[in-house]
Amino acid sequence: MSSPARRVVSLVPSLTEALAATRPEALVGVTDWCTHPPDLDAHGVARVRGTKNPDLAAVRALEPDVVVANKEENREIDVRRLREAGVRVVVTEIETVPQAVAEMRRLLVDELGWTDEAGAGPAWLDAVADAWLGPLPPVTREVVVPVWRDPWMVVGAATFTADLCRRLGWRVRHPEPAARSALARTGEDRYPRVESSWMDAAGADAVLLMDEPYVFTEDDGPEVFTRTPVELVSGRLLTWYGPSLLRTRESVAREA
């Protein structure tokens, strides 16, 4: 683009964190689910409702140079309506850690034009690439990662979280393709529905219960599992792509 974007609205919590870590002064609007950095409201950043139901009139009123969206997080119809109103929308697609690094570099450098005097992108993104894009480590444990309850849904194969876990040395267990054929036809293959009994009998070393998108707690979730150890973990560290990836690596290193 001819000049760097000066006004940006983010409809993706993970990318809000990345944008704020790079040029916080350019961020003018975010969703109600954007929790990091925690000082967004104190800096006067407007809220434009949720990722699935953004207030499009409020977004347009902010007069952004660019609105940032994600194929999984946001609805195609909202992207289309913004574009029909003349708003420039950049849509990211992220299903692996390498793709996250590549898409964030495309977004920040190519689409927003946020580079230093030497034309380089943000240093934190280079640090993420150095930390995560090496050879895959040996598998040290098997995990099941629920993302929702009633109905129970788990992380499937073609997801960012499954790839991130594999790069930590953890293999995510999920129903095999033959058992998921009907789900594949309904578009639910990436986060298949399962019975709680399947999770407990999957032979995993641990069930990782996150605090997002479903808020699992000590009193909501662990009581279902009688065979498999349960660990309460930060959803942000396993599902967000951005500067939080550095904290994920550091957190796992401390526990190793």
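The values are calculated or read from the model by the stated rules, or taken from the named source; none is laboratory data. All values derive from a computational prediction rather than experimental measurement. Backbone-built Cβ (ideal geometry, glycine too); neighbour counts: all protein chains shown. Surface areas here come from the heavy atoms of the whole protein model, side chains and all, with no ligands, DNA or RNA. Shrake-Rupley method; radii C 1.70, N 1.55, O 1.52, S 1.80 Å.
Tabulated data for the structure shown
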read-out	value
Condition check for Gly113: farther than 21 Å from Thr248 by Cβ and open to solvent by less than 50 Å² (accessible area, probe 1.4 Å)	yes
Which listed residue is touching a residue at least 12 places away in the same chain (Cβ under 8 Å), farther than 20 Å from Pro243 by Cα and not basic (Lys, Arg), from Asn74, Asn70	Asn74
Qualifying residue in region 76-94 (condition: within 29 Å of Leu238 (Cβ to Cβ), in a loop (DSSP other than H, G, I, E, B), in contact with a strand residue (DSSP E or B) (Cβ under 6 Å, 6 or more places away or on another chain) and open to solvent by less than 20 Å² (accessible area, probe 1.4 Å))	no
Residue count, region 95-117 (criterion: assigned to a loop (DSSP other than H, G, I, E, B), modelled with pLDDT of 95 or more and of a type in the set (Val, Ile, Thr))	1
Matching residues in region 210-228 - criterion: being among the charged types (D, E, K, R) and free of Cβ contacts under 8 Å to residues at least 24 places away in the same chain	Glu218, Asp219, Glu223
Selection count, region 118-136, where residues are in a loop (DSSP other than H, G, I, E, B) and touching a residue at least 12 places away in the same chain (Cβ under 8 Å)	4
Number of positions in region 137-156 that are in a loop (DSSP other than H, G, I, E, B) and either in contact (Cβ under 8 Å) with a residue 24 or more places away in the chain or open to solvent by less than 50 Å² (accessible area, probe 1.4 Å) (or both)	10
Residue in region 155-168 that is within 28 Å of Thr35 (Cβ to Cβ), of a type in the set (Ser, Thr, Tyr), touching a helix residue (DSSP H, G or I) at 6+ places or on another chain (Cβ under 6 Å) and at pLDDT 95 or above present	yes
Check on Arg247, open to solvent by 70 Å² or more (accessible area, probe 1.4 Å) and part of a helix (DSSP H, G or I)	yes
Residue count for region 157-175, restricted to those that are under 13 Å from Met199 (Cα atoms) and open to solvent by less than 20 Å² (accessible area, probe 1.4 Å)	2
Among residues of region 201-221, those that are open to solvent by less than 40 Å² (accessible area, probe 1.4 Å) and in a loop (DSSP other than H, G, I, E, B), counted	4
